[in-house]
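Q: This structure is in structure tokens; I'll ask about it shortly.
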């Protein structure tokens, strides 16, 4: 028996050049490119996932990264059921912005789950974050997973965790 | 196609008029839009002019979201236009279209315009791409620059300490790209390099005429009111501020200032390293943006804090609530930073930042002012005692052990607190009061909190005055030794005591070590004071031995004393002068002695043990203790810190740690001394676990020599009793 199809909006949010688009491309199309191509505005991708017999259509909003030119537009977050906050583990400056973004998310989407992805974990020799950074993010109420859009590490798991946190799944997947 | 439709088409716009649940396409022949709709399986009427709202939203989820803003604009009177921002749609063939929606009213009729930017997008994208590539590079350069500046600062300080030469520094930094200045504490310049001349566009004669240090202090003061106090206190400082060059142009500089101290602790020079960061800053300032968060800790930074507290002040306080400000400064952070490296230092700052954040309420505001300084703005204070509770929680949380490079380190902090209950207040004054209170807490021995008291305003030179008094006290021999017995449980008959210094202050009476050891450590006076204690203790011991009273005396030796190049010589001289047998002397050292150059310290201690002197590891469990690490250290006794002993009746953790330490020490043939034993229950616990010695108020407080002499027989008796009551 085919269950109902539920559409859920998930926003990809974070500073510029942290790999938001790469993560979406890895998750949706299973491809990766090393070339950095900045996103302007929003691009919405759809990905069906099966959850407990139901089909969930994830509407993934890949939102332009935040930098000195661009602020996060609160209207893009409207109606989101979950947020993936992407940070770059090789750039402490990107993590520096997590608190600011977390404040915006808390104001615009109270109660909506936020999962933090520390991306680029394949670059282990350039990795600059420690356990204390992760503790700091967790203190902001953000669960954190290390991901790599390049190798695909934990990408599926991150979205699965997001789905679970949105109350759709059967439980929180085991940590890698 | 009408001319109007043709023009709209040429502009790449699809114009839709809202009519109830439908949208009517004004330029019904719009090729690109109809193709896109078809590609997205959006049903349209045969003539292509009508599309229902639901289908449009289904085809364009982005528009579904935007229609909420559009409805609001259409509902408002006046000609308000809202824009959606650019989004990208991919058609069936995989081609991407960059679109933007606009909602406006024309003669009261709601209109939705969808603009196609695809043809011009690559140019627009190219500009953003370049800007972000540059920003990424900029970010990387700033990170590297900061790292290198700190390394250069440490290298220069180390060089001056080792070589005692500024001339050598001048030679090595002559062509360095970072500006370097070495000056005396009064600002008189002793050395500058070309990079500094380049920043200030003044020749070295002009630069030496002005006091650049004073200029920096006054320029940075608005942002960093504590700068003067920090450097005068002999601490490291770093920050970024605008500085005026000789030509009158403002430059952004990133400055680090580190003191160089003489052996007696007096500041002989300041090493200042500066970089012109105007170019890096221009990107931020031109866009009017300020991240507002600290690079290392991700907490709001200094500028953010000032914006916040000013906004709170402007809003005024309402209701019966007060506002508390806590100024937190980590103790001995520079030492940790120097010993373990900047990366470990950054890790510590980060960890402390998250602990502070977790120790306060959600509506309180935590900021990292830079260096090792944090502030907490505590809102909604009903009673002052609330702040005490918060401060205790902060101190406790910061003090919890942290693992860095495989070592366990316990940090401590000094906290200054001030409170405001008026509806209006001056933020700068509040910060200054909290800073002064923090300074007072530091002076009183660190690891504690102090509330602001107006009397502190006059106490700024207190530390310097206390230092001068200490110098006089050494000359005038105002110190006395008290001796606290250590009672044997393991059957030792010998009387053992720990020598503890007290200061018989001419005005303030007998002062405990907490009131002056911190200042003595920082000023370097601990060296002569430590020698006095050692000589005095050996003298007392020799006198007692001559009266046939066998005694072993333990003397505390600070890390600074032990590292002093003359320590071994001083020790042997004193033993020889006093004729006190080395076998009757014990040196109590702490784990911090091993923080720097472990192998050299081990060698020194082995050499001291060869004289016959025994070594006790004091305060075990409070520093970077690790039971495995204990195996490497050449010690004879281990003193379990009083905090574990006091916890024996309260928590299982203290019991477990104490038992493990006793058991491991026994395996390693190290005798264990428990200090701070105050109750029978603690004593029973320790006796059952076969600790070797106990020390604490349950038996004796620290005694004057005459009181010790009176109790000498009783101590021997206690040793004997314990010997017979020893559990099997």
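Q: Which order results if B:363, B:125 are arranged by neighbouring Cβ count within 10 Å, fewest first?
A: Ranked by crowding around the Cβ, least crowded first: B:363, B:125.
Q: May I ask you to compute the full-extension gain from residue B:706 to residue B:50, defined as 0.36 nm times their residue separation minus their alpha-carbon distance, rounded to one decimal in nm?
A: 225.4 nm
Q: Separate question: How long are the semi-axes of the equivalent ellipsoid of the range B:200-279, defined as square roots of 5 times the Cα gyration tensor eigenvalues? Whole Å, largest first.
A: 23, 15, 10
Q: Show me the ranking of peptides B:367-379, B:426-438 by mean Cβ neighbours inside 10 Å, starting with the highest.
A: Going from most to least packed, we get B:367-379, B:426-438.
Q: A further question on this structure: Relative to the longest principal axis of chain B, what angle (0 to 90°, nearest 10) does the C-alpha long axis of helix B:462-476 take?
A: Roughly 20 degrees between the two axes.
Q: Starting from 0.36 nm per residue, how many nanometres of slack lie between residue B:568 and residue B:151 once their C-alpha separation is accounted for?
A: Separation in residues times 0.36 nm, less the Cα-Cα distance, equals 146.9 nm.
Q: If you don't mind, there's one more thing I want to ask. Hey, what D do you get for chain A in µm²/s if you plug the Kirkwood alpha-carbon radius into Stokes-Einstein at 4 °C and 1.567 mPa s?
A: After rounding, the answer is 80 µm²/s.
Q: From the helices alone, meaning DSSP H stretches of at least four residues, give me the mean residue ellipticity at 222 nm for chain B, per-run term -39500 (n - 2.57), in deg cm²/dmol to the nearest 500.
A: Only helices count here, giving -14000 deg cm²/dmol.
Q: Let me ask something else. When 1/r is averaged over all different Cα pairs and the result inverted, which Kirkwood radius in Å belongs to the range B:463-713?
A: Kirkwood hydrodynamic radius for the range B:463-713: 18.8 Å.
Q: Using Cα-only point scatterers and the Debye equation, what is log10 of I(q)/I(0) for the range B:153-265 at each q in 0.13, 0.18, 0.19, 0.20 Å⁻¹, rounded to two decimals?
A: -0.49, -0.97, -1.09, -1.21
Q: Compute the normalised compactness of chain B: alpha-carbon radius of gyration over 2.2 N^0.38 Å, N being the residue count.
A: My calculation over the Cα atoms of chain B gives 1.31.
Q: Quote the FRET efficiency, to the nearest 0.05, computed for residue B:80 versus residue B:643 with a Förster distance R0 of 60 Å and r equal to the Cβ-Cβ distance.
A: About 0.35, to the nearest 0.05.
Q: Points 7 angstrom from Cα along the Cβ direction at residue B:599 and residue A:151: gap in nanometres?
A: 3.5
Q: Taking the Cα centroid of the range A:20-39 and of the range A:145-170, what is the distance between the two, rounded to the nearest whole Å?
A: So the separation of the two Cα centres works out to 15 Å.
Q: Report, in degrees rounded to the nearest 10, the 0 to 90 angle that the Cα long axis of helix A:98-108 makes with the longest principal axis of chain A.
A: That works out to roughly 40 degrees.
Q: Need one number: nm distance between label points at residue B:428 and residue A:52, each 7 Å from Cα along Cα→Cβ, rounded to one decimal.
A: Rounded to a tenth, the inter-label distance reads 6.0 nm.
Q: Using Cα springs under 10 Å in a Gaussian network model of chain A, which residue among A:19, A:89, A:152 shows the largest mean-square fluctuation?
A: A:152
Q: Ranked from highest to lowest mean number of other Cβ atoms within 10 Å per residue, what is the order of the peptides B:91-99, B:694-702?
A: Those peptides, ordered most packed to least, come out B:694-702, B:91-99.
Q: Report the antiparallel proportion of the DSSP beta bridges in chain A as a percent, rounded to a multiple of 5.
A: The antiparallel fraction comes to roughly 30 percent.
Q: Given the Cα-Cα distance of residue B:174 and residue B:186 and 0.36 nm per residue of separation, how much length would full extension add, in nm?
A: 2.0 nm
Q: I've got another one for you. In degrees from 0 to 90, rounded to the nearest 10, what is the angle of the helix B:705-725 Cα long axis to the longest principal axis of chain B?
A: 80
Q: Between residue B:343 and residue B:158, what is the FRET efficiency for a Förster distance of 22 Å, r being their Cβ-Cβ separation, to the nearest 0.05?
A: Between residue B:343 and residue B:158 the formula returns 0.80.
Q: Using only the Cα atoms of the protein assembly as shown, each taken as one equal point scatterer with no solvent, compute I(q) by the Debye sum, divide by I(0), and report log10 of the ratio at q = 0.06, 0.08, 0.10 Å⁻¹.
A: Here log10 of I(q) over I(0) equals -0.56, -0.89, -1.20.
Q: Across peptide B:117-128, how many C-beta atoms of other chains are within 10 Å of each residue C-beta, on average?
A: Mean shielding by partner chains, rounded to a whole number: 2.
Q: Turning to a different aspect of this structure: Determine the percent antiparallel among the DSSP beta bridges restricted to the range B:389-536, to the nearest 5.
A: Taking every DSSP beta bridge with both residues in the range B:389-536, the antiparallel ones total about 80 percent.
Q: Can you give the convex hull volume per residue for the Cα atoms of the range B:302-460, as a whole number of Å³?
A: In the range B:302-460, the Cα hull volume divided by residue count equals 107 Å³.
Q: Please figure out what share of the DSSP beta bridges in chain B is antiparallel and state it in percent, rounded to the nearest 5.
A: The antiparallel proportion sits near 75 percent.
Q: Report the FRET efficiency, 1/(1 + (r/R0)^6), for residue B:118 and residue B:69, where r is their Cβ-Cβ distance and R0 is 22 Å, rounded to 0.05.
A: Computed FRET efficiency for residue B:118 and residue B:69: 0.45.
Q: Then there is this: With the crude spin-label approximation of a point 7 Å out along Cα→Cβ, what separation in nm comes out for residue B:455 versus residue B:664?
A: Result for the modelled spin labels: 4.5 nm.
Q: Now a separate question. Across peptide B:296-302, how many C-beta atoms of other chains are within 10 Å of each residue C-beta, on average?
A: 5
Q: Right, something else. What share of Cα pairs, in percent, lie more than 21 angstrom apart in the range B:3-116?
A: Counting every Cα pair in the range B:3-116, those more than 21 Å apart make up 31 percent.
Q: Once you average over the residues of A:53-64, how many Cβ atoms of partner chains fall within 10 Å of each Cβ?
A: Rounded to a whole number, the mean comes out at 1.
Q: Still on this structure, I have one more. Can you give me the Cα centroid spacing of the range B:193-261 and the range A:76-139 in angstrom?
A: With the range B:193-261 and the range A:76-139 each reduced to a Cα centre, they are spaced 36 Å.
Q: Normalised by the empirical 2.2 N^0.38 Å for globular proteins, what value does the Cα Rg of the range B:421-460 take?
A: 1.23
Read-outs: derived from the displayed coordinates by stated rules, not from any lab. From a predicted model like this one, the values you see are computed outputs, not experimental measurements. Note: ideal-geometry Cβ built from the backbone for every residue, glycine included; neighbour counts use all protein chains shown.
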